[in-house]
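Step one of this worksheet: look at the structure below.
The values are calculated or read from the model by the stated rules, or taken from the named source; none is laboratory data. Quick caveat, the model's predicted, so the values are computed rather than measured. No Cβ is skipped: glycine too gets one built from the backbone with ideal geometry, and neighbour counts run over all protein chains shown. Heavy atoms of the whole protein, side chains included, go into the accessibility calculation; ligands, DNA and RNA do not. Shrake-Rupley method; radii C 1.70, N 1.55, O 1.52, S 1.80 Å.
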Amino acid sequence: MTTIFAKRLFDGENWLTNQEVTFKGQLIESIVSKADPSTDNTDIVDLLAPGFIDVHVNGGGGALFNHTPTLAALERMVAVHAQFGTVAMMPTLISDDYEIMSQAHQTVCQALKQDMPGILGMHYEGPYLNPIRKGVHNESQLRKPTEGKLAALLDVSRSGKLMVTLAPEQVPEGFIEWLVSEGAIVCIGHSAASYDQARQAVMNGARGFTHLFNAMTPLISREPGVVGAALQTDLPTWCGLIADGHHVHPAAMRVAIAAKGCEHMLLVTDAIQSVGSDEKEMPFLGKRVLRSQGKVTTEDGTLAGSDLDMATAVRNTISFIGRTPAEALQMASLRPAEFLGIDHHFGRIKPGYRASLVALTEDFIVKATWIDGQKVWGQGVV
């Protein structure tokens, strides 16, 4: 039995004071209002919130999943991002050849079979993307889908969550519907689609937009583009936001949230191996990436993922965008859980939910992280 006394607690929806949370095994057992901690063995924290869920993370701590699609790399990524409050992630594979995709698939399936803490499934970002909007992806790896090969990589959805980011104009008719029928969550990204093409993809089952504004057709007066389709609210879709101040201007994020609403916005990192590492230069998919002033770029200045962590994204959402702490915390936990369809396990602090929690200071600096009832990182917690 583990007990945490929170001076302030955000349960995913409401703020409470002086709450004692107990959990046994992986699950929260009770939340009780208390004037003081029950025992000397109780962890005392200033602020307790649901742990963060990152649906777009490429690496961390020197490990990039494309370079080393292994269990050791996943363990490293989970351990590093836990320092920043992340309790669950979708390890992301950037466009690569079939051999690497297959290795990554086998690794994630093995992690799910072993119930590896912190791993929810798999996110294929590509390779069915538009070269016109390729960003840092290697154009030589972008291609049309071969359903026979891809089918062998989709059984992640049998035991975990599966995301596929694609450009709808690059795939054949019926492909999105087929992916959805196979259990995939389809997201639009790295796309030169028109507004009508993007809307049709949503009608066909796509329900996410990968790193909103980046690598997609913009919203302009006579052609709303993919961004215009993303900001519509008549159908339930979610948008990922990289709130680092480099990928999207704060004013653009404010406009997007005003149009879409916080309830359908997800904070994501798109983090590469720089997070949790001291390296200033590093290899990245055959290129050299430079790290400076909170961003990572190739030598020609192209953004190469991000140097962002989820706790910083929460702080930036409050300070850059002007959202409330509750909204920022929800965009990092409850909203990703709803998007993935796991909000009956994650995103709230309630009996029966996973004991995957983050302790924070009043300035939203991470002090401790629990994943499935185990403290995986802690600093200065009584």
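Table: residues versus (1) closer than 17 Å to GLY160 by Cβ; (2) charged (D, E, K, R); (3) buried (at least 24 other Cβ atoms within 10 Å of the Cβ); (4) modelled with pLDDT of 95 or more.
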{"residue": "GLN26", "(1), (2), (3), (4)": "yes, no, no, yes"}
{"residue": "SER30", "(1), (2), (3), (4)": "no, no, no, yes"}
{"residue": "LYS34", "(1), (2), (3), (4)": "no, yes, no, no"}
{"residue": "ASN41", "(1), (2), (3), (4)": "no, no, no, no"}
{"residue": "LEU48", "(1), (2), (3), (4)": "no, no, yes, yes"}
{"residue": "PHE65", "(1), (2), (3), (4)": "yes, no, yes, yes"}
{"residue": "ILE100", "(1), (2), (3), (4)": "no, no, no, yes"}
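If you go through the range 301-357, how many residues are touching a Gly at 6+ places or on another chain (Cβ under 7 Å), assigned to a helix (DSSP H, G or I) and open to solvent by less than 10 Å² (accessible area, probe 1.4 Å)?
Residues in the range 301-357 being touching a Gly at 6+ places or on another chain (Cβ under 7 Å), assigned to a helix (DSSP H, G or I) and open to solvent by less than 10 Å² (accessible area, probe 1.4 Å): 5 in total.
Residue check: is ASP115 surrounded by fewer than 18 Cβ atoms within 10 Å (Cβ to Cβ) and on the phi > 0 side of the Ramachandran plot? Break it down into steps so the answer makes sense when it comes.
Values: surrounded by fewer than 18 Cβ atoms within 10 Å (Cβ to Cβ): yes; on the phi > 0 side of the Ramachandran plot: yes.
Yes, satisfied.
Which of the residues that make up the range 358-372 are within 27 Å of ILE185 (Cβ to Cβ) and assigned to a loop (DSSP other than H, G, I, E, B)? Reasoning before the result, please.
Looking only at the range 358-372, we keep the residues that are within 27 Å of ILE185 (Cβ to Cβ), and these are 358, 369-372.
Residue satisfying the conditions is ASP372 alone.
Hey, can you tell me all the residues within the range 298-323 that are in contact with a strand residue (DSSP E or B) (Cβ under 8 Å, 6 or more places away or on another chain) and either acidic (Asp, Glu) or farther than 15 Å from ILE242 by Cα (or both)?
Going through the range 298-323, the residues in contact with a strand residue (DSSP E or B) (Cβ under 8 Å, 6 or more places away or on another chain) turn out to be 298-299, 303-311, 313-314, 317.
Matches in the range 298-323: THR298, GLU299, ASP307, ASP309.
All but one of (1) buried (at least 20 other Cβ atoms within 10 Å of the Cβ); (2) under 19 Å from the mean Cα position of the chain (by Cα); (3) under 23 Å from ARG335 (Cα atoms) hold for ILE94, so report the exception by its number.
For ILE94, the exception is condition (3).
Got a sec? Which helices (runs of 4 or more DSSP H) wholly within the range 162-259 have at least 1 residues that are surrounded by fewer than 18 Cβ atoms within 10 Å (Cβ to Cβ) and without any contact (Cβ under 8 Å) to a residue 24 or more places away in the chain? Working first, answer last.
On the way: elements: 175-181, 195-203, 225-230.
The qualifying helices (runs of 4 or more DSSP H) are 175-181, 195-203.
Would you mention how many residues in the range 309-364 are in contact with a Phe, Trp or Tyr (Cβ under 7 Å, 6 or more places away or on another chain), closer than 30 Å to ALA206 by Cβ and among the small types (Gly, Ala, Ser)?
Of the residues in the range 309-364, 6 are in contact with a Phe, Trp or Tyr (Cβ under 7 Å, 6 or more places away or on another chain), closer than 30 Å to ALA206 by Cβ and among the small types (Gly, Ala, Ser).
Looking at the range 260-269 only, could you name the residues that are touching a helix residue (DSSP H, G or I) at 6+ places or on another chain (Cβ under 7 Å) and assigned to a loop (DSSP other than H, G, I, E, B)?
THR269
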